[in-house]
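Below is one structure, written out as structure tokens; comments come after it.
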Amino acid sequence: MFYMMGNAQKAAGGLNQVTLPMQGQSMVQGAYTGYGGGFPSPFVIAAIQNGQFNLAYWVVPIPLPFGETIIQATNREIQLLKARMNDAYAVTWQQISTRMFANNSGNPLFPDSFQSAFDNGTNFPTYGGINRLAAGNAAFQGQYINLGTAPWSTPFTAGATRKAMASLLTYVTDTAGGEAPTFVVMNPSDFATLDTDFIGTENIYTNPGASYTMDTKVRTAFPNLNVAGIPIFQDHFCPKGSMFGVNCKYTCMYLSEDAAFDFSGFYSLVPLGQMAQQGIVVLGYDVISAKSSSGFWAYGLTGGAF
């Protein structure tokens, strides 16, 4: 979420609020020339297709009944309204995080996710209106990797290890044309197995001349890991057995200019025959990749610590 929000782009408009010109092949061709300086005439190559996406809109209604308004007017107790507003933030964050890693194709109101972004056409044959399986559209396929089959089943036999991750990250970087993912995210269970592999080789150095007591803190294990220069994070919402590699040059979150965690304010429900007020928090967003091959979705990982 830190990377997605920090790299968020603006979106606005009606249908297909996000339209990305996605390049599937080279638009020009070159040739070597000789002493005479001749070269072939250029010709137009239709190498770009528009990927078109709609934003998903998440709303959280906030009730303010008449009785609560009267009771809380004196500010003598913790206001339930403050608790509700804080919880609106919490449920929104949880929902975004859950949907970011899930297969959301079953509901057209849901946003896109890392699964649809980095699939190779097996589960999501169409992405942004572009048919990944059509002739000449292989460039729009992501890296969908089964870690339970060859050649990955052997290095990942014991789960995620440094050597196995180094091989995988080298492969996906090469397949992406030499561009490494910005980060990799995995489930805490799988992360714990990888962390254990690091712990087995860590060293703790003492400071000569320093005094040590029962209060001296020694830090061990790691909140995040780094393999081949690529940070690896754990996320509670990432499904166990899967991991995702994301290149933030091409993959980011798009936020609506008119609905970016906005609060409507409270409106009276008197016309509906109720002495109360109601407001909503609204967010329009989507998680989109302009270059699916830049990232990966690896599944079939076993050996989780719990």
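The values are calculated or read from the model by the stated rules, or taken from the named source; none is laboratory data. Worth saying up front: this structure is predicted, and the values here are computed from it rather than measured. Neighbour counts are summed over all protein chains in view; Cβ atoms, including those assigned to glycine, are modelled from backbone coordinates with ideal geometry.
Here are the numbers for this structure:
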{"read-out": "Meets criteria (modelled with pLDDT under 95, surrounded by fewer than 18 Cβ atoms within 10 Å (Cβ to Cβ) and not β-branched (Val, Ile, Thr)) for ALA134", "value": "yes"}
{"read-out": "Residue satisfying all of: in segment 232-271; within 25 Å of SER167 (Cα to Cα) and more than 14 Å from the chain's Cα centre (by Cα); surrounded by the fewest Cβ atoms within 10 Å (Cβ to Cβ) among these", "value": "LYS240"}
{"read-out": "Among the candidates THR92, THR149, residue that is out of contact with any Leu (no Cβ under 8 Å at 6 or more places or on another chain) and polar (S, T, N, Q)", "value": "THR149"}
{"read-out": "Subset of segment 1-11 that is surrounded by 15 or more Cβ atoms within 10 Å (Cβ to Cβ) and outside any loop (DSSP other than H, G, I, E, B) - its residue that is modelled with the lowest pLDDT", "value": "TYR3"}
{"read-out": "Residue, nearest to THR302 (Cα to Cα), within segment 252-285, restricted to residues that are in a strand (DSSP E or B) and touching a helix residue (DSSP H, G or I) at 6+ places or on another chain (Cβ under 6 Å)", "value": "MET253"}
{"read-out": "Enumeration of residues in segment 113-123 that are without any contact (Cβ under 8 Å) to a residue 40 or more places away in the chain and buried (at least 22 other Cβ atoms within 10 Å of the Cβ)", "value": "SER116"}
{"read-out": "Among residues of segment 161-172, those that are surrounded by 14 or more Cβ atoms within 10 Å (Cβ to Cβ), under 20 Å from SER189 (Cβ atoms) and more than 20 Å from the chain's Cα centre (by Cα), counted", "value": "3"}
{"read-out": "Residue ID - modelled with the highest pLDDT, chosen from residues in segment 55-71 that are within 40 Å of the chain's Cα centre (by Cα) and outside any strand (DSSP E or B)", "value": "LEU55"}
{"read-out": "Single condition THR92 does not satisfy, out of (1) part of a loop (DSSP other than H, G, I, E, B); (2) among the hydroxyl-bearing types (Ser, Thr, Tyr); (3) closer than 20 Å to PHE2 by Cβ", "value": "(1)"}
{"read-out": "Residue tally, condition in contact (Cβ under 8 Å) with a residue 60 or more places away in the chain and either surrounded by fewer than 13 Cβ atoms within 10 Å (Cβ to Cβ) or over 20 Å from ASN247 (Cβ atoms) (or both), over segment 12-48", "value": "3"}
